[in-house]
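To start, the structure under review is shown below, and the notes come after it.
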Amino acid sequence: MNDATKSAVPDGPENTRIAGRLRQYADLLEAQDEDGFRVRAYRTAADEIDGMATPLQKIFAEEGVEGLIRLRGIGRGIAAAISEMLVTGRWSRLDRLTGESTPEELFTTIPGVGPTLAQRLVDALDVDTLEDRETALRLGHVKVPGFGARRREAVLAALGARLARIRHRLPRAQVQPEPPVSLLLDADALYRAKADADELPRIAPHRFNPTKEAWLPIMHAKRDAWHLTVLYSNTARAHELDRIRDWVVIYFHTDDGPEGRRTIVTERRGPLAGHRVVRGREDDCIAHYKKLPAAKPAAGND
């Protein structure tokens with residue numbers, strides 16, 4: 001990674017820090033071969049924020065996400081990023097591109113969760129976004145030492161309140177649209193081919209990487225209306241099963257939509273055995289492969 005992309009976010013007022021993070025994100029996108037339109041959009045938003053006299057926190061507190069969207073040069077996607085920074089103090093997309101995010105650190109931003117409980121929750125749940133944590137905790141299937149029903153409800157309430165602030169007044173469809181599985185599978189195949197050919201920039205993830213080696217290939221792509229960021233899975237479960245170079249995570253969003261995520265794996269049993277499969281969309285994958293002439297299983301990397 002070029003040292004220019006690692007410049008520290010400036011200290012100072014909240015607006016200055018957020019503008020600095022937006023510029024850092026734009027620099028990383030540029031260094032990782034993202035299209036110029038997105039790079040310019042984040043730099044334009046940073047310039048607009050630097051020129052504002054009113055604190056973003058004041059606008060967000062009084063008008064929510066919609067107040068941020070009304071600012072010049074700031075669409076729904078950047079408004080969601082700003083609201084996440086204002087509420088949590090972090091920005092998951094920036095952390096992902098720098099390799100600095102860990103699920104443990106994200107959990108400790110929730111009131112009532114200290115380092116020990118955060119580690120226990122991560123070990124039990126193996127998920128890496130606040131939204132996934134909320135879903136996993138609400139299902140309640142996993143038992144965590146020292147995390148009884150009362151404490152779980154308290155953490156869920158704090159987590160729900162935090163997510164509600166980030167989403168406040170941001171219109172959401174009843175069913176969030178996703179890219180077709182054909183698009184996700186094509187991106188998965190392209191990523192693995194480019195990673196094998198060493199044609200992608202690499203980041204040094206903070207997690208499971210004591211030597212700080214830049215080993216994790218990252219790919220940005222634009223397909224139809226979708227912006228994609230693709231990486232190998234760096235979860236505890238992937239390491240435990242030695243499936244890092246088989247499990248591929250694709251983050252996706254449109255210019256104005258929230259971010260979604262899917263994991264693609266090589267299925268080992270059932271009607272899709274040997275095929276690359278989008279987890280959670282197995283029926284769509286069956287329909288996709290049925291449409292292909294003499295569909296052959298796709299090789300995975302174990």
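The values are calculated or read from the model by the stated rules, or taken from the named source; none is laboratory data. Just so it is clear, the model here is predicted, and its values are computed rather than measured. Neighbour counts run over all protein chains shown; Cβ positions are idealised from the backbone, glycine included. Calculation scope for accessible area: heavy atoms of the full protein, side chains included, ligands and nucleic acids excluded. Shrake-Rupley method; radii C 1.70, N 1.55, O 1.52, S 1.80 Å.
Have a look at A31, A46 and point out the one that is at pLDDT 95 or above, open to solvent by less than 80 Å² (accessible area, probe 1.4 Å), within 22 Å of the chain's Cα centre (by Cα) and hydrophobic (A, V, I, L, M, F, W, C).
Matching residue, one of A31, A46: A46.
Being under 30 Å from Q119 (Cβ atoms), in a strand (DSSP E or B) and touching a residue at least 60 places away in the same chain (Cβ under 8 Å) is true for just one of R262, R207. Which residue is that?
Selected residue: R262, the only one of R262, R207 that is under 30 Å from Q119 (Cβ atoms), in a strand (DSSP E or B) and touching a residue at least 60 places away in the same chain (Cβ under 8 Å).
Look at E66 and say whether it is in contact (Cβ under 8 Å) with a residue 24 or more places away in the chain and surrounded by fewer than 19 Cβ atoms within 10 Å (Cβ to Cβ).
Judged against the criteria, E66 is a match.
Do we have any residue at all in region 192-208 that's aromatic (F, W, Y) and modelled with pLDDT under 85?
Yes, region 192-208 contains at least one residue that is aromatic (F, W, Y) and modelled with pLDDT under 85.
Tell me, which residue of region 124-159 that is in a loop (DSSP other than H, G, I, E, B) and loosely packed, with under 15 Cβ neighbours inside 10 Å is modelled with the lowest pLDDT?
H141
Can you tell me which of (1) farther than 26 Å from A214 by Cα; (2) open to solvent by less than 10 Å² (accessible area, probe 1.4 Å); (3) of a type in the set (A, V, I, L, M) is the one V39 doesn't meet?
Among (1) farther than 26 Å from A214 by Cα; (2) open to solvent by less than 10 Å² (accessible area, probe 1.4 Å); (3) of a type in the set (A, V, I, L, M), the lone unmet condition for V39 is (1).
Table: residues versus (1) in a helix (DSSP H, G or I); (2) surrounded by 14 or more Cβ atoms within 10 Å (Cβ to Cβ).
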residue	(1), (2)
L231	no, yes
A238	yes, yes
I244	no, yes
V249	no, yes
F252	no, yes
P271	yes, no
G274	no, yes
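Read through the list (1) out of contact with any Leu (no Cβ under 8 Å at 6 or more places or on another chain); (2) open to solvent by 40 Å² or more (accessible area, probe 1.4 Å), then give the number of the only condition that R76 fails.
So the condition that R76 fails would be (1).
Restricting to region 210-229, give me the number of residues that are farther than 16 Å from A31 by Cβ and part of a strand (DSSP E or B).
5
Does M52 satisfy being in contact (Cβ under 8 Å) with a residue 12 or more places away in the chain, not acidic (D, E) and not in a helix (DSSP H, G or I)?
Answer is yes for this residue.
Show the residue pairs that are 6+ apart or on different chains and have beta-carbon atoms under 9 Å apart, the first residue being within region 99-115 and open to solvent by 30 Å² or more (accessible area, probe 1.4 Å), the second being modelled with pLDDT under 75 and in a loop (DSSP other than H, G, I, E, B).
Taking only residues 6 or more apart or on different chains, the pairs are S101/D128.
Please indicate, with yes or no, whether at least one residue in region 294-302 is in contact (Cβ under 8 Å) with a residue 60 or more places away in the chain and either of a type outside the set (A, V, I, L, M) or within 30 Å of L68 (Cβ to Cβ) (or both).
So far as region 294-302 goes, yes, one or more of its residues are in contact (Cβ under 8 Å) with a residue 60 or more places away in the chain and either of a type outside the set (A, V, I, L, M) or within 30 Å of L68 (Cβ to Cβ) (or both).
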